[in-house]
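Working notes, beginning with the structure itself.
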Amino acid sequence: MTGGLEVRTVEIRLPSGHLLPPLTETLAGGEIVAVTGGAGSGKSSVLVVLAGRAAPAAGEVLLDGTPIEPGTAGVLTQQHELVGGLTAVENVSVRVLGRDGRRAPRRSGSLVEPVEDLLAALALPRASWHNLVEQLSGGQQQRVALARSLVGSPPLLVLDEPTSELDAASADIVWAALERAASAGAVVVLATDDPALLGRVTRQLSLVRPTSQ
Ligand SMILES: Nc1ncnc2c1ncn2[C@@H]1O[C@H](COP(=O)(O)OP(=O)(O)OP(=O)(O)O)[C@@H](O)[C@H]1O
């Protein structure tokens, strides 16, 4: 179990200029927490800060007691951020290589197998593993990006709408992968307003304040 993610009076400025109310939460390893709030409420902006990709306007985000650094969390954005001209396997390998600085693996190389295991675990058809990502469907691309976020079993997963392009069966497979990561001690944070996911998470953080005073 990790020490978890501490969000200490974090203030986040939205691209619109609006400042969200200060957020204070502790997310333990093993939790799968949904950030909710409806379209345009600021979910993506909150996730960017929790993942350490942007500094908050105030406050701090600590992972296992130290300030979160970019690259520590496994991240899925709505844009997927896949590299065109590379295959599914190569896109997932990019994160492995980014960490240890080694050359891109060959198909028979030692790095490829665990990457292929991740793609298999997310039920990406084997026939597509060595296709360029631009040749894949939106749902397949989303699973490639999810596989990349899972590489190296990061202590924190920050996932923006992780099942938005998936059918129910594929979403179940992704959910099972997230549960495995949480069981292994990761903090899992996802942005979603999907009732199917909200019924499964351990906790919800709503960005919408109650209307009653
Ligand atoms: N590039 C941008 N330029 C200007 N305003 C933006 C930009 N991106 C987002 N916004 C605005 O900032 C606010 C928060 O956006 P954000 O994407 O964080 O919300 P969200 O809850 O993730 O939305 P969605 O559910 O639609 O993805 C919204 O009002 C949005 O319209």
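Considering the zone a paramagnetic label at ALA196 would reach in this model (a point 7 Å from Cα along the Cα-to-Cβ line), which residues of the range 4-44 have amide N under 20 Å from it?
Correct set: 32-39.
Let me cross-check ARG200: its accessible surface, 1.4 Å probe, with only protein heavy atoms counted, in Å² to the nearest 10?
100
Report, largest value first, the span of the C-alpha coordinates of the chain along each principal axis, in whole Å.
That works out to 60, 35, 33 Å along the principal axes.
Identify which of ALA57, ALA181, ALA28 has the largest mean-square fluctuation in a Gaussian network model of the chain, with springs joining Cα atoms closer than 10 Å.
Result for the chain, Cα springs under 10 Å: ALA57 fluctuates most.
Set the Förster distance to 30 Å, then compute FRET efficiency between LEU14 and GLN204 from the Cβ-Cβ distance, nearest 0.05.
On the way: r = 20 Å, r/R0 = 0.66.
Here the calculated transfer efficiency is 0.95.
Expressed in nm to one decimal, what extension gain is obtained for the pair THR26 and ILE173 from 0.36 nm per residue of sequence separation less their Cα-Cα distance?
Values: separation 147, 0.36 × 147 = 52.92 nm, distance 2.74 nm.
Separation in residues times 0.36 nm, less the Cα-Cα distance, equals 50.2 nm.
The values are calculated or read from the model by the stated rules, or taken from the named source; none is laboratory data. On a predicted model such as this, the values are computed, not experimentally measured, just so you know. A quick note on method: Cβ atoms are made from the backbone with ideal geometry, for glycine too, and the neighbour counts reach across all protein chains shown. Keep in mind that these areas ignore ligands, DNA and RNA; they rest on the heavy atoms of the full protein, side chains included. Shrake-Rupley method; radii C 1.70, N 1.55, O 1.52, S 1.80 Å.
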